[in-house]
1. When the residues of the stretch 95-107 are narrowed to those that are in contact with a helix residue (DSSP H, G or I) (Cβ under 8 Å, 6 or more places away or on another chain) and more than 11 Å from the ligand (Cβ to nearest atom), which ends up nearest to Asp68 (Cα to Cα)?
2. Kindly indicate whether any position in the stretch 125-142 is of a type in the set (A, V, I, L, M), out of contact with any strand residue (DSSP E or B) (no Cβ under 8 Å at 6 or more places or on another chain) and within 27 Å of Lys20 (Cα to Cα).
3. Taking the condition touching a Lys or Arg at 6+ places or on another chain (Cβ under 7 Å), hydrophobic (A, V, I, L, M, F, W, C) and away from the ligand (no atom under 14 Å from the Cβ), does Leu61 pass?
4. What single numbered condition from (1) within 16 Å of the ligand (Cβ to nearest atom); (2) part of a loop (DSSP other than H, G, I, E, B) fails to hold for Pro90?
5. So the check is Cβ under 8 Å with 6+ separation or different chains; which pairs have a first residue in the stretch 127-147 that's among the hydroxyl-bearing types (Ser, Thr, Tyr) and a second one that's within 12 Å of the ligand (Cβ to nearest atom)?
6. Please work out which residue is nearest to the ligand (Cβ to nearest atom), limiting yourself to the stretch 113-142 and to residues that are of a type in the set (A, V, I, L, M, F, W, C), in contact with a helix residue (DSSP H, G or I) (Cβ under 9 Å, 6 or more places away or on another chain) and within 20 Å of Asn189 (Cα to Cα).
7. Out of curiosity, is His30 touching a Ser or Thr at 6+ places or on another chain (Cβ under 6 Å) and modelled with pLDDT of 95 or more?
8. Output the residues belonging to the stretch 143-161 that are touching a Ser or Thr at 6+ places or on another chain (Cβ under 7 Å), within 16 Å of the ligand (Cβ to nearest atom) and within 13 Å of Cys232 (Cβ to Cβ).
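The values are calculated or read from the model by the stated rules, or taken from the named source; none is laboratory data. All of these numbers come straight from a predicted model, not from anything done at the bench. Positions of Cβ are generated from backbone atoms using ideal geometry, with glycine treated the same way; all protein chains shown enter the neighbour counts.
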Amino acid sequence: MTAKIISGTEIAAQIREELKTAVEELKQRHGVMPGLVTILAGDNPASVSYVTAKQKTAHELGFHSVQDSQPGDISQEKLLCLIEGYNRDPSIHGILVQLPLPGHIDESAVLNAIDPDKDVDGFHPVNVGRLMIGGDQVKFPPCTPAGIQELIVRSGFETSGAEVVVVGRSNIVGKPIANMLLQKARGANATVTVVHTRTKEMERHCRRADILIVAAGVPGLVKPEWIKPGACVIDVGVNRVGEKISEKTGKKIAILKGDVDFEAAREIAGAITPVPGGVGPMTITMLMKNTVRAAQIACG
Ligand code: GUN
């Protein structure tokens, strides 16, 4: 069997079209443009490329978008002060602080300083709690897990009663996606197992999965023998394994590899996301969706 390729690029484009309508409506009805600020401290190449992509998309969707780039040695106090300013700024509906932060900054102090009603990343403890409760409580589902859920649902896989195995227990992906898929809700109702670095016989768990979500940060970790024939495989890994010259632009670009051995896995899986072009474009799109939602909530 050769797997269907789940194109995050195509599904993200569909959702962006839906968002354009919502942005237009906000403008017509309330004279409001969704406002997004992305704050970057330092010049980590991966972070610069993520933030640039987020700003580009925000701009294309007609947002009021602000890129706030700060030096890597910015003090924690100054960073908290900036966030406080954006919390009070009515033209800004969403605040994103790109992670990881430089080592001298306490990440949780920074995330906790963002107004939960502008926390479009969904990382503030209030939003993490809302996600855990589920239902109407959820305002801003975190972007990568929300994108994963959309990919599964929009490519026609049934989550209700499915065996889902999540590889990885990070706060950004593993824990929230596990929590979202076990909720009593549309696109959820799954039986979820989370495996991690201390799990015994990881392969045995993965082989049970109807839907396998891999967010381990280890290139090529998941081998074809780990995959149940016909399973839906979502590869969240974005590992920079080298550099090459882009045929399109002539510039140096990163060579990216997922956490799944893609070429071998596609012969076993029923459907699989590529890297790049799978989860990545969805994460950015869900950030845009959360920002539109923040603006809608602010408009009442
Ligand atoms: N770094 C890696 N992923 C993310 C994300 O989803 N949000 C933020 N703010 N930083 C990240």
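1. This residue is Ile105.
2. The answer is yes, given that some residue of the stretch 125-142 is of a type in the set (A, V, I, L, M), out of contact with any strand residue (DSSP E or B) (no Cβ under 8 Å at 6 or more places or on another chain) and within 27 Å of Lys20 (Cα to Cα).
3. Yes, satisfied.
4. Answer for Pro90: the failing condition is (1).
5. Thr144/Ile172; Thr144/Val173; Thr144/Ala215; Thr144/Val236; Thr144/Val279; Thr144/Met282; Thr144/Thr283; Thr144/Met286
6. The residue in question is Phe140.
7. Here the answer is no, as His30 does not meet what is asked.
8. Listed by number, the list holds a single entry, Leu151.
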